[in-house]
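A quick write-up on the structure given underneath.
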Amino acid sequence: MQDRAAKTRRQLIRSAAGLFDQAGFAGTSIGQICAAAQVSHGALHFHFRNKHALGEAVEATASEILRCVIGPVPVRHPAPLQLLVDTSHVLATRVARDPLLRAGFGLALDPAWPGGASPWQPWRDWVRGLLRLARRQGSLTPGVDLDGAVTAITAVTAGLEGLQRAPDRAGSVASLTPFWRLVLPQLAAEPVRGRIDAAGSLAPAGGPDAERHRPGPDGDGPAHACAWTAGGSATGRPISDGSTTGRPMTAGELCGLAHQELSGSSW
């Protein structure tokens, strides 16, 4: 019984996210969400008191997905600017392919949604922290305007998220590579400049982040999980102790709040 309730909750969040992404908050009705999730109105109201509460669950889940993608700012790292480039590519790919993440960002811009803080703030904070690390380690060009760099990187990443909504961009992934090719010569210090791959150093043959889009618990698309390597961010880079284990994370380790939102249970 608990498993069925958890599955229903996941279906409702995913279905609402997909509809919010396509039609906006005001353009989506409770009836449409129920039809998409194939549940009754009573089942929806068992889990969520109203459409706004369901929107809050979508927004909270998207926020946690973002935090899982970026991970914490490392205490040290052998190549902080490469980590920044790699993580930006992972994030751009996830935004393009994950309607739940996209819906969370979309709600923040929806005039019908009474939202608060920008969903991009955790990314902005992480970029700032990583650039400070790069400066401490001598990887940043002396005299770089840190505030300006943080704003530019955040703005371009957020702008690409908006491009994914254009009809002619459906299903495609806008590339950050041209941006990094333009910016890195100004950002990276001379000793490391030639060692940073603007296209990202992690992209497998199947495309950036392809190996992270594994089937979800119901076999119906990508799992909520963003970070598949314990001890590291979604990129698999070291976080604080200079090591990664390389094993898949357990459900209990994975994206705590967001996984609870999707499963309806506590770990």
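The values are calculated or read from the model by the stated rules, or taken from the named source; none is laboratory data. Here the structure is a predicted model, which means the values were calculated and not measured. Cβ placement follows ideal geometry from the backbone for every residue including glycine, while neighbour counts extend to all protein chains displayed. Heads up: the accessible areas ignore ligands, DNA and RNA and are worked out on the full protein's heavy atoms, side chains in. Shrake-Rupley method; radii C 1.70, N 1.55, O 1.52, S 1.80 Å.
With r as the distance between the Cβ atoms of D125 and H45 and R0 = 45 Å, compute the FRET efficiency 1/(1 + (r/R0)^6) and round to 0.05.
Rounded to the nearest 0.05, the efficiency is 0.80.
So what's the net charge close to R49: Lys and Arg +1, Asp and Glu -1, counting the other residues with Cβ under 14 Å from its Cβ? Could the numbers behind the result be given before it?
Details: positive: R9, K51; negative: E56.
Its environment carries a net charge of +1.
If Lys and Arg each add +1 and Asp and Glu each add -1, what is the summed charge of the other residues whose beta carbon sits under 15 Å from the beta carbon of A198? Write down the numbers at each step before the final one.
Numbers: positive: R181, R193, R195; negative: D86, D197.
Its environment carries a net charge of +1.
Run the numbers for R181 and Q137: contour at 0.36 nm per residue of separation, minus the present Cα-Cα distance, in nm.
Difference between extended and current length: 13.7 nm.
Please name whichever of Q38, P111, P74 sits farthest to the positive end of the charge dipole of segment 1-134, dipole taken about the Cα centre and charges placed at Cβ: Lys and Arg +1, Asp and Glu -1.
Going by the Cα projections, it comes out as P74.
Give me the 1.4 Å probe accessible area per residue for segment 45-113, excluding ligands and nucleic acids, in Å².
34
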